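Here the structure comes first, spelled out in structure tokens, and everything after it is commentary.
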Amino acid sequence: MLSNVSVISGKSSEELAKKLSKRIKANLIKSTIRVFPDGESKITLSGKISKKKSIVVQSIYPPVDSNLIQALSLISKAKEISSEVIAVIPYLGYARQDREFLSGEIVTMKVLAKLFKGVGASKIIAVDIHSVIGLKHFTIKSKNVTAISDLVKYFKKLNLKDPVVVSPDQGGKDRAQEFAKEFGSEFIALEKKRDRKTGKVQIKTKNADEVMGRDLILVDDMISTGGSIINATQFLKKQKCKQVYVACTHALLMNNAEKKIKNAGVTKIVSTNTIPGKTSMVDVSNTISKAIM
Ligand code: R5P
């Protein structure tokens, strides 16, 4: 065991932190949380934190603000003891708020960047951040790693017959294209237009005939309400595709999204353990360990 490195496991990423500590042969420090009736959380750590280096692992999924304050608290405590603290935030909440889309909007990623630096992190590692623009706000070292290879490995085992990889929008085109390249399949990107004020979405594609009679893999960075996947699936089903599979890194699956997605005709949703849950079948600890070493 490398006693000079500690992996501090936040409550939101317990399984991933455990896997990561095993991979890099580091000492695992667990945290327990007591949530008071007013919502405040009290964190207690068990174990001896390394003086040299700590790696704090805590995703920022709902309850987003609680998980954020827990991440910051863990980093702050680690920094009291370790000379170097790396923040591994597999799902980096607030990453979609990386620029001022409408006048007056606050760019919360800028605030996060100041907070992580303020509590003592010297580096932040995220997995498939919504857009790398989010990391540009950080003045500490930052790295985005991708779970695409891990997802591709899983899908190869499903033995689908000549599927087409589909990006539900142009924003996710590069990610889906990378998936298609590693998978060795054809690829198309839908055109999704969202009205920023009403939220209403419209979908088009120039390549509709390419999906007829074919199995599809919809690739996205994240599923929140499932709206993007549902709209894309309904559109693709109208083009007479066969089965629709979904590969995504972060499955938040808010408001019964899994059921709604299945009802729209999706056969299987596959996500990673950046957010633990029923669909998180793919482990990203190996990918994260390479970014740390
Ligand atoms: C959008 O640009 C993202 O890549 C995701 O497609 C989107 O954030 C998912 O959100 P929802 O599931 O609510 O449509």
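The values are calculated or read from the model by the stated rules, or taken from the named source; none is laboratory data. Worth saying up front: this structure is predicted, and the values here are computed from it rather than measured. Neighbour counts are summed over all protein chains in view; Cβ atoms, including those assigned to glycine, are modelled from backbone coordinates with ideal geometry. Protein only, heavy atoms only, side chains kept; ligands, DNA and RNA dropped before computing areas. Shrake-Rupley method; radii C 1.70, N 1.55, O 1.52, S 1.80 Å.
Numbers below:
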{"quantity": "Matching residues, segment 171-218, being in a loop (DSSP other than H, G, I, E, B), basic (Lys, Arg) and away from the ligand (no atom under 14 Å from the Cβ)", "calculated": "197, 206, 214"}
{"quantity": "Enumerated strands (runs of 3 or more DSSP E) restricted to segment 224-293, each holding at least 3 residues that are among the polar types (S, T, N, Q)", "calculated": "266-272"}
{"quantity": "Residue match in segment 137-158 (condition: out of contact with any Ser or Thr (no Cβ under 9 Å at 6 or more places or on another chain), without any contact (Cβ under 8 Å) to a residue 24 or more places away in the chain and in a loop (DSSP other than H, G, I, E, B))", "calculated": "no"}
{"quantity": "Inter-residue pairs, beta-carbon under 8 Å, first farther than 14 Å from residue 220 by Cβ and in segment 176-199, second among the acidic types (Asp, Glu) and within 14 Å of the ligand (Cβ to nearest atom), 6+ apart", "calculated": "191/169"}
{"quantity": "Residue 226 vs. criteria without any contact (Cβ under 8 Å) to a residue 40 or more places away in the chain and crowded, with 22+ Cβ neighbours inside 10 Å", "calculated": "yes"}
{"quantity": "Members of segment 155-206 that are acidic (Asp, Glu) and open to solvent by 50 Å² or more (accessible area, probe 1.4 Å)", "calculated": "162, 174, 178, 182, 186, 195"}
{"quantity": "Yes/no for residue 152 being under 17 Å from the mean Cα position of the chain (by Cα), more than 30 Å from residue 116 (Cα to Cα) and surrounded by 14 or more Cβ atoms within 10 Å (Cβ to Cβ)", "calculated": "yes"}
{"quantity": "Residues being open to solvent by less than 50 Å² (accessible area, probe 1.4 Å) and part of a helix (DSSP H, G or I) - total across segment 18-64", "calculated": "3"}
